[in-house]
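This report concerns only the one structure given below.
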Amino acid sequence: MRTEQFVMAYRVEQDRLRAFLPDGYESLRPILRINAEIRSDKEESVYVEFNTPVAAFGKRGWLNIANWESHTTDIFYKREGKSVTFISPFLEITYTGVGIEGGCTAEKDNDGCFFVGRKTEFREKEIIDANKEFCDCEFEWKFAEGNAKGISVGGKSVAVEPTEPAKVYNRQEFSAETAATIECEQIVGAYVVKFDR
């Protein structure tokens with residue numbers, strides 16, 4: 001399957017993440033990440049994933065908050081020059097390649113991805129050797145008025161360190177709708193990579 005994967009991470013208040021993580025999960029960094037894929041097999045489809053870095057059960061990786069597929073959700077993309085925009089009723093996100101290649105340091109601190117459901121599933125990380133092109137990115141969550149939004153400048157990655165607990169929030173529901181209310185402080189990196197899965 002030919003895959004065109006777009007990845008963007010943004011900084012948020014880590015105490016807000018701590019307030020909505022399921023029991024047993026520790027927030028590693030104040031980051032939320034959106035992955036969007038265009039998958040070309042027998043037919044083309046779109047897949048979008050929303051996650052945050054955690055430690056749990058002796059592993060470090062990404063905790064899947066939610067995911068959506070074009071087969072079951074009203075989500076599609078449009079391409080204009082170097083820009084690709086993913087559009088749905090709850091999210092609009094645009095990635096624009098800047099012509100600079102590089103890597104992603106977060107991938108080195110990652111065993112895979114946790115998917116929470118009736119039973120927690122852990123998927124080992126995918127090894128992608130293809131070159132990544134850095135992107136500028138603009139996004140807006142649209143679950144409700146005042147949801148997080150942001151715009152990057154310069155297409156560069158910024159290192160993000162964990163923060164010490166400073167405020168205790170009431171427990172919140174673990175959902176994309178809850179995470180989308182957490183303000184974007186800064187887009188800290190975005191890239192696109194093309195590979196065969």
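Worth pointing out:
- Odd one out for residue 3 among (1) in contact (Cβ under 8 Å) with a residue 24 or more places away in the chain; (2) surrounded by fewer than 19 Cβ atoms within 10 Å (Cβ to Cβ); (3) in a loop (DSSP other than H, G, I, E, B): (3)
- Pick from the range 141-174, criterion surrounded by 14 or more Cβ atoms within 10 Å (Cβ to Cβ) and among the small types (Gly, Ala, Ser), ranking: nearest to residue 66 (Cα to Cα): 148
- Criterion applied to 62, 68 was being more than 21 Å from residue 109 (Cβ to Cβ) and either under 16 Å from the mean Cα position of the chain (by Cα) or buried (at least 20 other Cβ atoms within 10 Å of the Cβ) (or both), and the one residue passing it is 68.
- Residue pairs meeting the criteria (Cβ under 6 Å; at least 6 apart or on separate chains; first within 23 Å of residue 99 (Cα to Cα), in the range 142-160; second part of a loop (DSSP other than H, G, I, E, B) and among the hydrophobic types (A, V, I, L, M, F, W, C)): 150/184
- Among the residues listed as 92, 138, the single one being of a type in the set (D, E, K, R), assigned to a strand (DSSP E or B), modelled with pLDDT of 85 or more and closer than 15 Å to residue 50 by Cα: 92
- The listed residues are 150, 146, 117, 154, and the only one of them that is of a type in the set (Gly, Ala, Ser), assigned to a loop (DSSP other than H, G, I, E, B) and at pLDDT 85 or above turns out to be 146.
- Residue list for the range 41-59, restricted to those being more than 12 Å from the chain's Cα centre (by Cα) and of a type outside the set (Lys, Arg): 41, 43, 44, 45, 46, 54, 55, 56, 57, 58
- Looking across 120, 181, one residue alone is closer than 18 Å to residue 25 by Cα and out of contact with any Lys or Arg (no Cβ under 6 Å at 6 or more places or on another chain). It is 120.
- Given (1) farther than 23 Å from residue 1 by Cα; (2) at pLDDT below 85; (3) under 17 Å from the mean Cα position of the chain (by Cα), index of the condition residue 103 fails: (1)
The values are calculated or read from the model by the stated rules, or taken from the named source; none is laboratory data. All values reported here derive from a predicted model rather than from experimental measurement. Don't worry about glycine lacking a Cβ; one is built from the backbone with ideal geometry, like all the others, and counts go over all protein chains shown.
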